[in-house]
Amino acid sequence: MSVVDLSSVNAFIPGQIELDPHEAHMVEQRARLLGPAYRLMYQKPLHFVRGEGVWLYDADGRRYLDTYNNVVSLGHCHPDVVEAITRQVATLCTNTRYLHETILELAEGLLSTVHSDLSHMMLTCSGSEANDLAYRIAKVRTGGTGVIITETAYHGITDAVSQFSPTLGTAVPLGAHVRTVAAPAAYRSGPDVAERFTRDVEAAIADLKRHGIQPAMLIVDSIFTSDGILSEEPGFLKSAVEAIRKAGGIFVADEVQPGFGRTGSHMWGFQRHGVDPDIVTLGKPMGNGQPIAGLLTRHDVVEKFGTNSRYFNTFAGNAVSCAAAAAVLKVIRRDRIMDNAREVGAYLLERVSALRSRHDCLGHVRGAGLFVAADIVSDRETQANDRARTTRIVNAMRDNGVLISACGTDHNILKIRPPLIFSRENVDLFVDVLDEALAV
């Protein structure tokens, strides 16, 4: 069986770098206690003991600018979220089979951000579970099992969802009911993104049906994060959504990464495209680190599933997690977080783009709000990917106190995804460190 080659991606590989005795002991303990499935980030792993805002602090007190972590969408240990969690956990923590007001407050808050046809919220503990639940609902709604995704998509790690998460690598095979389509990258394939993407989705639908598989859903991360953060040409999804519905399937917008105002222009990435999903899945940023996720859907989409199937998840929707998520929504609105994402994101995109005049290895730069990507190439004209250099850049930045990662089919795309409270001063520091790292 083939396995993912970790030698040139953002991961620690035991034996390739010398660690101090304490770090080496912790690495040995992890291997002994947690087993072989876990990975550490960066060639030299980091040991953090504290977080505050956009900063993480290691055991020696050195601080690192977190330009990667969208889980803590409002920054590490945001005081409003900490206070909400602390107050609720000291008062009551129950599940969804008892009445409590906080889950209703959260549902009303989330549903107010989308079109009125999306009228129900269902909660899970992770984005993987949210996409798993969406697939269950889709199968009941459509009578089909077929799934259409982009070629480097990531939608989660449950057994069902891992079968349509190709970015997990060849060791995690795609299901026979899954079809992939090319990621809609205008900068590589030309301007006719909508036409090409729709044609590819229609071909995938036809191939599923040819093999006796009824399409159940088209699911995309609405900014195509794992495919390389493809932010160009908002609106190109419309015809593809029409195609899957015409075939009897539904459209699922995976908002785990682009959601909660990250693009700056809209609360949700799918809103940039002017489409109305049948299901919207939510995850990482929802509780600012508290494990809460879920989905929003229409009554007619979930009616048969809800009538015939009992959905219950002990921890999903507990009062503490709901309090955290409600606090996140409150802060996004009160502190005009989307405005910050739009304005600081534009400054970040401008400053990173300006580095192209100094570094030939910096290829196409693109972004929306506080979500920016930059290709690292060995030749701009041919757009040849330079995976090895990307790894050196990521780790050089880590050594200089800035955290970043990579994405894309060949892991040659810098993935810049800071907390939504990022400032212009943070951008300046980030760009200074990136400028130096691009010269490695």
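The values are calculated or read from the model by the stated rules, or taken from the named source; none is laboratory data. Fair warning: this is a prediction, and the values are worked out from it, not measured in the lab. Neighbour counts run over all protein chains shown; Cβ positions are idealised from the backbone, glycine included. These accessible areas exclude ligands, DNA and RNA; they are computed on the full protein's heavy atoms, side chains included. Shrake-Rupley method; radii C 1.70, N 1.55, O 1.52, S 1.80 Å.
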>> With the requirement that a residue be in contact (Cβ under 8 Å) with a residue 60 or more places away in the chain, part of a helix (DSSP H, G or I), out of contact with any strand residue (DSSP E or B) (no Cβ under 9 Å at 6 or more places or on another chain) and surrounded by fewer than 23 Cβ atoms within 10 Å (Cβ to Cβ), what does region 284-309 give you?
In response: K304, F305, N308
> In region 411-427, which residue that is open to solvent by 50 Å² or more (accessible area, probe 1.4 Å) and over 18 Å from the mean Cα position of the chain (by Cα) is nearest to P184 (Cα to Cα)?
Replying inline: R424
>> Quick check on my filter: what residues within region 378-398 are touching a strand residue (DSSP E or B) at 6+ places or on another chain (Cβ under 7 Å) and closer than 28 Å to V71 by Cβ?
In response: N385, R389, T390, I393, V394
>> Looking at D227, D221 in this structure, which one is at pLDDT below 95 and in contact with an Asp or Glu (Cβ under 8 Å, 6 or more places away or on another chain)?
In response: D227
>> more than 18 Å from the chain's Cα centre (by Cα), β-branched (V, I, T) and farther than 20 Å from G269 by Cβ: is that true of V365 in this structure?
In response: no
>> Criterion first (over 20 Å from V140 (Cα atoms), small (G, A, S), at pLDDT 95 or above and open to solvent by 20 Å² or more (accessible area, probe 1.4 Å)) does A206 satisfy it?
In response: yes
> If E242 passes every condition in (1) closer than 25 Å to G363 by Cβ; (2) modelled with pLDDT of 95 or more; (3) over 12 Å from the mean Cα position of the chain (by Cα); (4) of a type outside the set (F, W, Y) but one, which one does it miss?
Replying inline: (1)
>> Quick check on region 114-153: of everything there that is touching a Leu at 6+ places or on another chain (Cβ under 8 Å) and open to solvent by 30 Å² or more (accessible area, probe 1.4 Å), which residue is farthest from F315 (Cα to Cα)?
In response: S119
> Does region 33-58 hold any residues that are in contact with a helix residue (DSSP H, G or I) (Cβ under 8 Å, 6 or more places away or on another chain) and free of Cβ contacts under 8 Å to residues at least 24 places away in the same chain, and which are they?
Replying inline: Y38
> Only one of (1) free of Cβ contacts under 8 Å to residues at least 60 places away in the same chain; (2) open to solvent by 10 Å² or more (accessible area, probe 1.4 Å) is not met by A253, so which one is it?
Replying inline: (2)
> Does F430 meet the test of being of a type outside the set (G, A, S), outside any loop (DSSP other than H, G, I, E, B) and closer than 15 Å to R351 by Cα?
Replying inline: yes
> Would you pick out the residues in region 154-182 that are over 23 Å from R210 (Cβ atoms) and either crowded, with 23+ Cβ neighbours inside 10 Å or among the polar types (S, T, N, Q) (or both)?
Replying inline: Y154, H155, G156, T158, V161, S162, S165, T167, T170
>> Out of the residues in region 84-101 meeting the condition of being open to solvent by 90 Å² or more (accessible area, probe 1.4 Å) and either outside any helix (DSSP H, G or I) or small (G, A, S) (or both), tell me which one is modelled with the highest pLDDT.
In response: T91
>> Suppose we keep only residues that are basic (K, R) and part of a helix (DSSP H, G or I) within region 337-367. Which one would you say is nearest to R262 (Cα to Cα)?
In response: R342
> Within the bounds of region 57-70, is there any residue that is aliphatic (A, V, I, L, M), within 26 Å of T390 (Cβ to Cβ), open to solvent by less than 80 Å² (accessible area, probe 1.4 Å) and touching a strand residue (DSSP E or B) at 6+ places or on another chain (Cβ under 7 Å)?
Replying inline: yes
> What do you reckon, is H359 in contact with a helix residue (DSSP H, G or I) (Cβ under 7 Å, 6 or more places away or on another chain), touching a residue at least 60 places away in the same chain (Cβ under 8 Å) and either among the aromatic types (F, W, Y) or more than 25 Å from L56 (Cβ to Cβ) (or both)?
Replying inline: no
> Could we say that F270 is open to solvent by less than 10 Å² (accessible area, probe 1.4 Å) and outside any loop (DSSP other than H, G, I, E, B) here?
Replying inline: yes
> Do we find that D375 is more than 20 Å from V71 (Cα to Cα) and buried (at least 22 other Cβ atoms within 10 Å of the Cβ) in this structure?
Replying inline: yes
